[in-house]
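Okay, so here's the structure we're looking at.
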Amino acid sequence: MFEAGSSNRPVTPPPRPAQNLDLTPEQVKRVEINRLKAKAKQREREAPASSSSAPNGNNKRPLQVVSAASGSPTAPKTQGKLKRDSRLGTYFEYDLSKMVNTKGGFLVEDGKEVDEDMRRKEKERERQRAVQSLEPPIFLESERNPKCQECGTVDIDQTYRKVFGCLVCNKCKNEKPERYSLLTKTECKEDYLLTDAELRDQELMPHLLKANPHKSTFANMMLFLRCQVEEFAWKKWGSSEALDAEWERRMAEKKKKKNKKFEEGLRELRRRTRETVWQRRKDEEHKHVFGVTEKGANGMGKQVCHECGFTIEVEEF
C-alpha cells in the first residue's frame, strides 16, 4: 500500500509469519537478517542519485556535505608545499626553532657541540674592544669640556680622545687625513720600519682595537694614529730623510737577496739540466755486442758486432 503525499519509493511490508514452510527458529532468524542487509545495500545505491536529482519541498536541490575526496570545484583543497624557485640560486635552509643562541655572535644548531675555545676567544676580543668604547662624561659648563685643537669646537671625537689622547673633532679629522687618518700594524711595519714590540706597547704607541674583518676569533686589528706614528718614527730614525734612506737601503738589500736567490736557483736548474742531457747522451751511446771469434788469415781472428756489423781483428791464442 502507498500513502498519499509520501515518496514513490516502495515500502517494505512488515514481516509475515511463514506459511506452509517447515522452518526452524534459527532459519527464520537468518532469513530476516539477510533481508535487512539487502534492504540497507539498496538504500546505499539509491542515496547518491536521489540526493542529487530529487528536489526537496521547495523544488530545489537538497543540501549535502561535499566529501574531502570529491572532485567538485567547491571541495576543500589541501595546501601543498611550495616549490623552490630556481632563479634564487643556491641557498641553505635553517630551522630557526632548532637554533641555539650561544651569546658569542653566532648561532649553532641544536645538538651540535660548541667550541668552547672559540667562544672564549670571542668573549676576550669583545671585552678588549668594550674597554675602549666607554664614553667619558660631558660637563654642562663649556669651559670644562675639552676643545678641538684645530678649530676649538667642543664636539670632539671621544674615541680619539680616550685611545690616542688627541683632541680633534670629526670635521677636522676628515679634512686632514694626512695627520689624523688611521694606519694598520702592517703599514707601520713596512712604511715606518717599526717593530712588533714597539707597536704592542700601549703607553709607547697607543692603538685602537677593531674586530678582525677576516674572522672573529683572530686577533683584534690594531689601528694607529698617523701623526703619532710619524712623530715616533722621526725620533727613532732621526728625521724623515734618514727614514727614507733606511727604507731605500732595506729595499736594495731585499732586492739583492732576491736576485741572489734567483741566481742560485738558476744555477741549480742549469746543473740539473746538464746532468740530464749528459745522462741521456750516455744512455743513447751504442755498445757493441761481439760474438765468437772467427778464424782469419795470418793467424788473426775477427769479431763482428751483432747489432751494427762493426768488425775488429784480434790475435788468436
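The values are calculated or read from the model by the stated rules, or taken from the named source; none is laboratory data. Remember, predicted model here, so these are calculated numbers, not experimental data. Surface areas here come from the heavy atoms of the whole protein model, side chains and all, with no ligands, DNA or RNA. Shrake-Rupley method; radii C 1.70, N 1.55, O 1.52, S 1.80 Å.
Database remark: amide H of Leu167 closer than 5 angstrom to the amide H of Gln149 (H placed geometrically; neighbours at sequence offset of 5 or more, or on other chains; Pro and chain starts carry no H). Across His288, His306, His207, His214, the residue with the most accessible area heads the list, and the full order at a 1.4 Å probe is His214, His306, His288, His207. In the stretch 221-268, the inverse of the mean reciprocal separation of distinct Cα atoms equals 13.1 Å; this is its Kirkwood hydrodynamic radius. For the stretch 238-245, 3J(HN,Hα) computed residue by residue from phi via the Karplus equation (6.51, -1.76, 1.60; θ = phi - 60°) reads x, 6, 5, 5, 5, 5, 5, 5 Hz, glycine and proline entered as x. Volume per residue of the convex hull around the Cα atoms, evaluated for the stretch 204-302, comes out as 250 Å³.
Based on protein heavy atoms only, the stretch 201-317 ends up with 80 Å² per residue of surface accessible to a 1.4 Å probe. Extension gain, Lys287 to Lys83: 0.36 nm times the residue separation minus the Cα-Cα distance gives 65.7 nm. Derived scalar couplings between HN and Hα for the stretch 270-282 equal 5, 4, 5, 5, 5, 4, 5, 5, 5, 5, 5, 5, 5 Hz in order, rounded to whole Hz, by the Karplus curve 6.51 cos²θ - 1.76 cosθ + 1.60 (θ = phi - 60°), x for Gly and Pro. For the stretch 126-227, the fraction of 1.4 Å probe accessible surface lying on carbon and sulfur atoms is 51 percent. Using alpha-carbon pairs under 8 Å, 6+ residues apart, how would you state the relative contact order of the stretch 164-317 in percent? It comes to 14 percent, rounded to a whole number. Proximity of backbone amide H atoms, modeled 1.01 Å from N, is registered between Val314 and Gly301, Lys302, Gln303 at under 5 Å, excluding neighbours fewer than 5 places apart on the same chain.
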